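For reference, the structure is listed below as structure tokens.
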Amino acid sequence: MSLLNSDASGMDSSVSQMEKKKVDVAFKSLVLDAVIFWFLALSVISMVGPETEGYIDLQYYSFLSLGLLVVGGALSYVLQAKASIKTLGQSVFAMPQFGDEQSQTAWYLSFSNWELALAFVFALKSGIAFTDFSLIEIFDANGIEGVKRILTGILTPDFHILPRAIEAVVQTIFIAFMATVLAVPIAFVLSFLCAKNIMSGNSFTFGIYTVLRLVTNITRSIEALVWAIVFTVWVGVGPFAGMLALFLHSVASLTKNFSELAEGISDGPVEGIKSTGAGPLQVVWFAVVPQIVLPYTAFAIYRWDINVRMATIIGLVGGGGIGDLLIEAQGQLRWGEVGTLVIVIAVVVWLMDAASAYLREAIK
Amino acid sequence: MEPILQVRNVEKTYDNGVKALKGVSFDVNPGEFLVVIGLSGSGKSTLLRCINHLHTPTGGEIHFKGKNITGAKGKDLKEVRKKVAMIFQHFNLVPRLSVLDNALNGALARTPTLASIFKQYSDEDREKALEYLDLVGIREKAFIRADQLSGGQQQRVAIARSLTQSPEILLADEPVASLDPATCHTVMDYLKKVNKELGITVVCNLHFLSLVRQYADRVIALKQGELVFNGSPDDITDEWFQTIYGEQAKEVHIN
Ligand SMILES: Nc1ncnc2c1ncn2[C@@H]1O[C@H](COP(=O)(O)OP(=O)(O)OP(=O)(O)O)[C@@H](O)[C@H]1O
Ligand SMILES: [Mg+2]
């Protein structure tokens, strides 16, 4: 009896799950269609509508957009359900496991292809307008003259600056080195706290996971360049500010890289060690750490390599290193010096890149 | 003789709603070689995991040497796992550690955390680990990385690890399911040796009935999370076989 019951409920739940998934897919396809229809309508309106002076009327467009989205969604629903036309949303989210059959119509008769093509054409049109795309500017004689001047300067490098350049590039390498070395241990600890498989045990640890994840994501999404500006105000212009900026960004990035690795470890050893009665720290040390040491090291080396490149850029806003020299030479239009600096940067970046790739390959 | 392990109405419902065990009861006598059979998905692994507390049962009780250990936490949990060792179908060794280090992992529960991190095991534990590696015939590989061994060899290391725990019960979850027939007998023979020579009680999940007849003192069978057979291997008649494995089933022999 109990057997029959549970079987029936099992069936029930799988059917209702299927239903839930279908509703989910239908909703997603409605949203996608609505967004596309909204975009198309808005493009047409801005084409035929009157030219507006000054800034756009945000309130007007918000209400308009809301209305268009609703209309778009409704249109998609009507097309799908009533006219049984396959929209783009439907074909994107179509699921073979529900027996959605492949359409047999020729491509130029398919509604979803037209929807896609129209959306692309209008996007291209807006793109050209917004980027002031102009072939005339590219072939402008004055412009070409200027570029020639700069290029000849760069191609006849002024090697007087070489000693200073090398000193500065060494500084850049060490800015990157310090940022990486300080970031690795912190990211190492954080990565466990940001790994879903480790933290999803109870709601307390999951809370920590969620908060840390949010903080590191925000930190990472702010460019190191912006952090450099913050730190030049905080600790003053110079290499220390640049190092701190890279350090912060590295902590956030490495935490993400590391925690993804920690999420990908295999459960076998973890279970094996757990089953012996080992404590939680012993489980991490004996089952998790051996699985991640080498990939973590590889990522740390790669981060140093990235940091050298970023340190060059960060110098441009006063973060020290060779970027400082570059912005100075460029500001005073000494193109020969710029040429030397570019060569030095290229050589160092290339060397770091090759060395880091070689090291990462070697420790695999 | 008092049973070493009493399983009373144990239920396990997973978070996703699957009822893997629906009130299973049986006793395990000290020194016994008990085999658990059943179709794939019948709940065999779930049962062993509940006993070792890798999973917590959602109903019923488990008594170890007369003491209720259901839902043990902290220190008690550690004690239980120490005494109730487990080996797995996929061995679950730490691949990058040496064979000896893997065997020594069996001593983790009685080594202070800091000492274990610096591999400061007691000399006694070291000797024990080597001794058990010897027992399963793999001592000469002690300093080779575990992932360079064959499957059968890895399972023997796993047995050595579990023995280093000085357990009273050894749970084996399909220990030979991923091994070829010849290796499979080697590993089963070592389990039998552990059972007979060291007097450790063994509870072992098995797939092949021919192995069951050869090694089991007693057999229990699970079907869809319920106990449907409890008796001697010789009592598994054709009818019983079809009840347990379904109408279409045919016995296969491996030698
Ligand atoms: N961690 C889990 N979460 C959810 N359901 C699970 C989990 N582990 C097992 N199950 C389900 O519980 C049931 C019993 O699984 P279990 O692994 O115990 O069976 P088994 O007899 O060991 O099978 P096999 O011979 O394939 O190893 C199955 O339906 C399985 O899908
Ligand atoms: Mg199993």
- Task: Can you confirm whether segment A:8-21 contains a residue that is more than 14 Å from chain B (Cβ to nearest Cβ), modelled with pLDDT under 90 and surrounded by 11 or more Cβ atoms within 10 Å (Cβ to Cβ)?
- Result: yes
- Task: Would you mind telling me which numbered condition in (1) within 14 Å of chain B (Cβ to nearest Cβ); (2) assigned to a helix (DSSP H, G or I); (3) over 27 Å from the mean Cα position of the chain (by Cα) A:Thr340 fails?
- Result: (1)
- Can you spot a residue in segment B:49-61 that is closer than 19 Å to B:Val7 by Cβ, away from ligand 1 (no atom under 16 Å from the Cβ) and more than 12 Å from the chain's Cα centre (by Cα)? yes
- Selected residue (criterion: least open to solvent (accessible area, probe 1.4 Å)) from residues of segment A:291-325 that are under 30 Å from B:Leu104 (Cβ atoms) and aliphatic (A, V, I, L, M): A:Ile292
- Item | Restricting segment A:262-290 to residues that are buried (at least 19 other Cβ atoms within 10 Å of the Cβ) and touching a residue at least 24 places away in the same chain (Cβ under 8 Å), the residue that is farthest from B:Ala172 (Cα to Cα) | A:Ala262
- Just need a number here: residues in segment B:165-214 that are within 16 Å of ligand 2 (Cβ to nearest atom), open to solvent by 40 Å² or more (accessible area, probe 1.4 Å) and either under 13 Å from B:Gly31 (Cβ atoms) or in contact with a His (Cβ under 9 Å, 6 or more places away or on another chain) (or both). 3
- Close pairs from segment A:305-319: first closer than 19 Å to A:Val184 by Cβ, partner among the charged types (D, E, K, R) and part of a helix (DSSP H, G or I), Cβ under 7 Å, at least 6 apart: A:Asp305/A:Asp353
- Item | Filtered residues of segment B:1-31 (kept if among the aliphatic types (A, V, I, L, M), in contact with a strand residue (DSSP E or B) (Cβ under 7 Å, 6 or more places away or on another chain) and within 16 Å of ligand 1 (Cβ to nearest atom)) | B:Val7, B:Val10, B:Ala20, B:Leu21, B:Val24
- Identify the single condition in (1) away from ligand 1 (no atom under 16 Å from the Cβ); (2) under 19 Å from the mean Cα position of the chain (by Cα) that B:Leu34 does not satisfy, given that it satisfies every other one. (1)
- Query: Is there a residue in segment B:55-75 that is within 8 Å of chain A (Cβ to nearest Cβ) and open to solvent by less than 30 Å² (accessible area, probe 1.4 Å)?
  - Reply: no
- Query: Right, B:Ala158: away from chain A (no Cβ under 14 Å), closer than 18 Å to B:Leu48 by Cα, within 16 Å of ligand 2 (Cβ to nearest atom) and open to solvent by less than 10 Å² (accessible area, probe 1.4 Å) or not?
  - Reply: no
- For segment B:37-46, which residues satisfy the criterion of being closer than 18 Å to B:Leu191 by Cβ and near ligand 1 (Cβ under 8 Å from one of its atoms)? B:Lys44, B:Ser45
- Message: Restricting to segment B:28-53, name every residue that is buried (at least 19 other Cβ atoms within 10 Å of the Cβ) and within 12 Å of ligand 2 (Cβ to nearest atom).
- Response: B:Val36, B:Ile37, B:Gly38, B:Ser42, B:Gly43, B:Lys44, B:Ser45, B:Thr46, B:Leu47, B:Leu48, B:Arg49
- Item | segment B:95-108, residues that are open to solvent by 10 Å² or more (accessible area, probe 1.4 Å) and either small (Gly, Ala, Ser) or out of contact with any strand residue (DSSP E or B) (no Cβ under 8 Å at 6 or more places or on another chain) (or both) | B:Ser98, B:Leu100, B:Asp101
- Do we find that A:Gly207 is farther than 22 Å from A:Phe299 by Cα, part of a helix (DSSP H, G or I) and in the same structural domain as A:Ser259 (by TED's automatic domain parsing) in this structure? yes
- Tell me, yes or no, whether segment B:117-137 has at least one residue that is part of a loop (DSSP other than H, G, I, E, B), touching a helix residue (DSSP H, G or I) at 6+ places or on another chain (Cβ under 6 Å) and within 11 Å of chain A (Cβ to nearest Cβ). no
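The values are calculated or read from the model by the stated rules, or taken from the named source; none is laboratory data. Since we're looking at a predicted model, the values are computed, not measured. Quick reminder, even Gly has a Cβ in these numbers, built from the backbone with ideal geometry, and neighbours come from all protein chains shown. The accessibility values were calculated without ligands, DNA or RNA, using every heavy atom of the protein model including side chains. Shrake-Rupley method; radii C 1.70, N 1.55, O 1.52, S 1.80 Å.
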